[in-house]
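Each remark here refers to the structure printed beneath this line.
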There are 2 protein chains.
Amino acid sequence: MALIVQKYGGSSVADAESIKRVAKRIVDTRRAGHDVVVAVSAMGDTTDELLDLAHDVAPISNPRELDMLLSSGERISMALVAMAIHSMGFEARSFTGSQAGMITTADHGSARIVDVTPVRLREALDEGAIVIVAGFQGFNRDTRDITTLGRGGSDTTAVALAAALQADVCEIYSDVDGIYTADPRVVPRARRLDVVTSEEMLELAANGAKVLYIRAVEYARRHGVMINARSTFSSGQGTFVLGPGMTVPAAIAAVAEESAMEEPIVAGVATDLGQAKVTVIGVPDVPGKAAEIFSVVAKSGANVDMIVQNVSAAATGRTDISFTLPKSDAATALRALAGEQASIGFESLVHDDQIGKLSVVGAGMRTHSGVSATLFEALSTSGVNIEMISTSEIRISVVVRGDDLAEAARVVHSAFGLDSEIEAIVHAGTGR
Amino acid sequence: MALIVQKYGGSSVADAESIKRVAKRIVDTRRAGHDVVVAVSAMGDTTDELLDLAHDVAPISNPRELDMLLSSGERISMALVAMAIHSMGFEARSFTGSQAGMITTADHGSARIVDVTPVRLREALDEGAIVIVAGFQGFNRDTRDITTLGRGGSDTTAVALAAALQADVCEIYSDVDGIYTADPRVVPRARRLDVVTSEEMLELAANGAKVLYIRAVEYARRHGVMINARSTFSSGQGTFVLGPGMTVPAAIAAVAEESAMEEPIVAGVATDLGQAKVTVIGVPDVPGKAAEIFSVVAKSGANVDMIVQNVSAAATGRTDISFTLPKSDAATALRALAGEQASIGFESLVHDDQIGKLSVVGAGMRTHSGVSATLFEALSTSGVNIEMISTSEIRISVVVRGDDLAEAARVVHSAFGLDSEIEAIVHAGTGR
């Protein structure tokens with residue numbers, strides 16, 4: 001008997017029928033002899049509807065009250081899931097974030113979990129009940145106020161519960177049946193991975209893969225939680241995200257030995273159309289200018305990803321600095337830089353939101369040379385121009401024209417031998 | 001400076017516009033120099049929508065989970081009201097039932113308040129904030145579970161808060177601008193009362209007046225809380241419900257001295273079309289039969305109101321017993337009685353759901369004779385037949401044909417000199 005934590009996103013509990021389907025899956029897990037703890041998101045578009053209401057009532061929402069408002073969404077879905085389980089003859093008990101002992105910082109809207117004291121959950125489990133917990137929310141001990149965890153919060157709730165309860169696995173359900181070697185909407189011959197290492201998963205998530213939230217993967221890695229990403233709509237075993245030294249226990253799934261042991265050079269190809277590029281032209285080539293620029297950008301709240309500085313043109317004593325950042329951050333960052341043009345002394349700003357980022361991720365890169373050569377050659381053969389390059393220990397990312405991204409992903413996927421025999425059929429979308 | 005508790009029902013917070021209107025009213029009260037604590041119901045039809053969802057998910061709802069579900073409705077409305085107040089530049093803080101210290105019994109769906117420990121509300125008031133509390137909900141100390149108070153729960157929340165905080169007045173807002181001498185939809189010449197005694201209000205509420213819930217009026221009476229029933233949609237001062245020894249303080253309203261002091265013989269005429277009549281025919285006229293019948297009815301959960309036993313027909317040694325009860329209880333009570341027909345030994349059951357109940361209520365009845373004579377004469381003159389009669393110290397009720405009820409109410413209202421010069425224009429409906 002194992003202790004299994006499951007997380008169901010908004011699309012998995014979007015209506016009464018979906019809730020009953022989720023309840024059946026939970027009950028099936030219980031019937032298989034396991035203890036079950038479930039974290040749920042708000043139903044379908046509930047959160048967006050509540051945000052619309054808040055906006056209609058007040059142009060700027062008070063953060064404490066916004067958290068009070070949004071946290072009601074998960075209370076609705078968790079109570080309904082518990083009711084559906086009851087009507088199947090099983091005992092279920094729902095708990096809010098504070099009842100579940102999900103203690104967070106006081107940062108409304110983006111609180112971080114600082115402790116989990118699941119006393120009531122343990123009691124309920126000991127009494128044989130299935131436990132349902134509101135995802136996305138917690139409370140702060142000092143203010144005694146309700147908080148929410150921000151984007152991907154329900155995934156983090158599930159992983160934090162798994163860590164605190166020392167669960168055998170944390171199953172994260174969505175409408176996608178696992179982690180793919182590439183986004184199947186972009187690369188039709190993408191293959192589902194049986195296993196992926198948590199460091200690969202972190203790089204994939206940070207570079208455009210949308211199935212798991214990076215925060216939840218980080219938390220899982222830090223606390224030794226095994227994540228299993230799988231689909232609410234199929235019975236497939238999905239993808240296991242394994243931290244250092246982890247193997248999938250036979251009690252949970254029959255993952256082929258060789259598949260769990262092999263370490264392919266490249267795990268996957270991530271694509272991201274959500275970035276924009278800003279180029280600061282004619283920056284005086286004197287020490288401290290890059291620091292000035294990125295301190296202005298950081299203060300604007302923008303999240304800079306890649307940075308490239310051109311070789312200085314000796315004649316002018318000036319250089320260009322380019323960086324990428326989320327499209328949604330670009331306007332603010334540009335405004336902030338324009339405001340400091342005189343003090344920094346650059347000539348002009350160029351904004352380009354027609355870029356695409358392609359990343360090749362694989363733990364095998366550490367020990368295999370030639371990955372970048374294969375990547376550049378594949379892109380060159382297909383006529384795709386590379387505009388920026390950045391690397392980490394297990395990743396190479398390139399910026400290309402946005403229009404070229406899909407084609408680039410397909411040829412690179414192929415060049416690393418990742419193509420499957422058949423084309424994948426997958427739905428789009430994720431919960432919160 | 002006074003401490004004022006306000007309660008806004010579902011129709012008062014039905015959408016963003018309504019919420020902003022309520023926020024403005026709250027802010028106006030604060031601007032007038034008062035401390036303000038507000039209890040809110042769920043928005044418009046939220047509760048019914050949640051009940052529908054629950055029904056779609058599970059035919060029979062688990063009571064604990066149903067309370068968890070329904071209590072989310074008030075969290076939404078209270079957070080939105082607090083946000084709207086913030087955007088007007090005033091500090092507001094919302095609190096759930098448990099955060100507000102609303103301690104109840106563990107009876108899910110119909111919990112009773114056993115204690116109120118408003119520590120956090122006091123703190124917030126001391127810091128100058130307007131306090132918003134979720135109506136209709138509390139929590140049980142032993143189970144640590146969330147409970148709901150059942151019908152009229154938000155009114156009770158408001159009154160309980162007013163009692164615990166020793167508020168100067170508890171203003172209950174709805175879409176009706178006070179207590180009338182009769183239902184204006186039935187008696188167009190009904191007058192709004194400036195004041196009504198709490199014992200009259202109890203009789204009026206128990207006999208069909210729908211503006212205030214009887215439970216809230218009882219609680220107010222027991223704890224010395226002054227209720228002010230008024231409209232969200234007008235600036236009128238509404239009706240003050242005064243317990244023994246209470247007078248309206250000048251700081252709150254300028255109620256005319258004479259109107260507060262006068263004690264009219266009859267305060268109002270209540271009408272009720274929600275009752276049915278059951279007649280048990282041919283009951284053996286031996287001791288204990290009435291007890292048997294009403295013990296069966298009570299066990300079925302029905303709430304018996306009036307009881308009449310005919311004089312026994314000497315020839316047969318049998319008698320008929322009639323009683324009234326809410327229409328919704330009739331089927332269950334009839335089934336329970338039919339199941340005991342042999343043991344009780346009655347001949348048959350007659351069910352009549354075409355009745356109407358008219359009640360004349362007035363504290364002045366204690367000291368004025370002739371009230372029943374005036375009532376019966378008015379009904380007789382207009383050709384209305386009386387089927388049952390029951391009386392209390394300050395009330396006379398009669399059962400008539402349902403079709404006759406409106407006409408009966410108008411002539412009785414007129415006969416007691418209650419008619420106003422002009423016809424009232426009032427909306428229908430109440431919140432929870």
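The values are calculated or read from the model by the stated rules, or taken from the named source; none is laboratory data. Bear in mind that the values here come from a model prediction, so they are computed numbers and not experimental data. So basically every Cβ, Gly included, is an ideal-geometry build from the backbone, and we count neighbours across all protein chains shown. Side chains are part of the model used for accessible areas, which takes the heavy atoms of the whole protein and leaves out ligands, DNA and RNA. Shrake-Rupley method; radii C 1.70, N 1.55, O 1.52, S 1.80 Å.
Hey, among the residues in the stretch A:365-400 that are aliphatic (A, V, I, L, M) and part of a loop (DSSP other than H, G, I, E, B), which one's most open to solvent (accessible area, probe 1.4 Å)? Here the answer is A:Ile386.
I need the full set of residues from the stretch B:108-159 which are closer than 21 Å to B:Ile26 by Cα, open to solvent by 20 Å² or more (accessible area, probe 1.4 Å) and free of Cβ contacts under 8 Å to residues at least 40 places away in the same chain, in order please. Within the stretch B:108-159, B:Arg120, B:Glu123, B:Asp126, B:Glu127, B:Gly128 qualify. Checked against the criterion of being touching a strand residue (DSSP E or B) at 6+ places or on another chain (Cβ under 9 Å), assigned by TED's automatic domain parsing to the domain that holds B:Ser11 and of a type in the set (Lys, Arg), the candidates B:Arg222, B:Arg230 yield just one match: B:Arg230. Just one of the numbered conditions (1) more than 7 Å from every other protein chain (Cβ to nearest Cβ); (2) out of contact with any strand residue (DSSP E or B) (no Cβ under 9 Å at 6 or more places or on another chain); (3) among the polar types (S, T, N, Q) is not true of B:Ser61: (1). For A:Lys210, which of the numbered conditions (1) assigned to a loop (DSSP other than H, G, I, E, B); (2) in contact with a strand residue (DSSP E or B) (Cβ under 6 Å, 6 or more places away or on another chain); (3) not aromatic (Phe, Trp, Tyr) fails to hold? (2) is the only condition that A:Lys210 fails.
Please indicate, with yes or no, whether at least one residue in the stretch B:22-29 is at the interface with chain A (Cβ under 8 Å from one of its Cβ atoms), surrounded by fewer than 24 Cβ atoms within 10 Å (Cβ to Cβ) and touching a residue at least 24 places away in the same chain (Cβ under 8 Å). For the stretch B:22-29, residues at the interface with chain A (Cβ under 8 Å from one of its Cβ atoms), surrounded by fewer than 24 Cβ atoms within 10 Å (Cβ to Cβ) and touching a residue at least 24 places away in the same chain (Cβ under 8 Å): absent. Taking B:Thr319, is it farther than 21 Å from B:Phe416 by Cβ, touching a Pro at 6+ places or on another chain (Cβ under 9 Å) and buried (at least 16 other Cβ atoms within 10 Å of the Cβ)? Against the criterion (farther than 21 Å from B:Phe416 by Cβ, touching a Pro at 6+ places or on another chain (Cβ under 9 Å) and buried (at least 16 other Cβ atoms within 10 Å of the Cβ)), B:Thr319 qualifies. Against the test of being modelled with pLDDT of 95 or more, under 21 Å from A:Met88 (Cβ atoms) and assigned by TED's automatic domain parsing to the domain that holds A:Ala253, the options A:Ala23, A:Ala54 yield a single qualifying residue, A:Ala23. Of all residues in the stretch A:30-43, those being within 12 Å of chain B (Cβ to nearest Cβ) and open to solvent by 10 Å² or more (accessible area, probe 1.4 Å) number 1.
Do the conditions hold for A:Glu74, that is, is it more than 8 Å from chain B (Cβ to nearest Cβ), in contact (Cβ under 8 Å) with a residue 24 or more places away in the chain and surrounded by 24 or more Cβ atoms within 10 Å (Cβ to Cβ)? Criteria met by A:Glu74. For the stretch A:179-187, the count of residues that are out of contact with any helix residue (DSSP H, G or I) (no Cβ under 8 Å at 6 or more places or on another chain) and among the aliphatic types (A, V, I, L, M) is zero.
Scanning the stretch A:181-204 for residues that are in contact with a Leu (Cβ under 8 Å, 6 or more places away or on another chain) and closer than 25 Å to A:Val116 by Cα turns up A:Ser198, A:Met201.
In the stretch B:2-17, what count of residues is obtained for those that are free of Cβ contacts under 8 Å to residues at least 60 places away in the same chain and more than 10 Å from chain A (Cβ to nearest Cβ)?
Adding up the residues that qualify gives 1.
Taking each residue of the stretch B:349-360 that is outside any strand (DSSP E or B) and looking for partners that are open to solvent by 10 Å² or more (accessible area, probe 1.4 Å) with beta-carbon atoms closer than 7 Å, six or more apart or interchain, yields B:Asp353/B:Lys327; B:Gln354/B:Arg401; B:Gln354/B:Gly402.
Among the residues of the stretch A:44-65, those that are over 18 Å from A:Leu149 (Cβ atoms), in a helix (DSSP H, G or I) and open to solvent by 30 Å² or more (accessible area, probe 1.4 Å) comprise A:Glu49, A:Asp52, A:Leu53, A:His55, A:Asp56.
When A:Val81 is evaluated against the numbered criteria (1) at the interface with chain B (Cβ under 7 Å from one of its Cβ atoms); (2) assigned to a helix (DSSP H, G or I), which criterion, by number, is the only one it fails? Checking A:Val81 against (1) at the interface with chain B (Cβ under 7 Å from one of its Cβ atoms); (2) assigned to a helix (DSSP H, G or I), the one that fails is (1). For the stretch A:121-155, filtering for residues that are in contact with a Phe, Trp or Tyr (Cβ under 6 Å, 6 or more places away or on another chain) and assigned to a helix (DSSP H, G or I) leaves 3. Take the residues in the stretch A:84-107 that are at the interface with chain B (Cβ under 10 Å from one of its Cβ atoms), in a loop (DSSP other than H, G, I, E, B) and among the small types (Gly, Ala, Ser); name whichever of them is surrounded by the fewest Cβ atoms within 10 Å (Cβ to Cβ). Top of the filtered list is A:Ser87.
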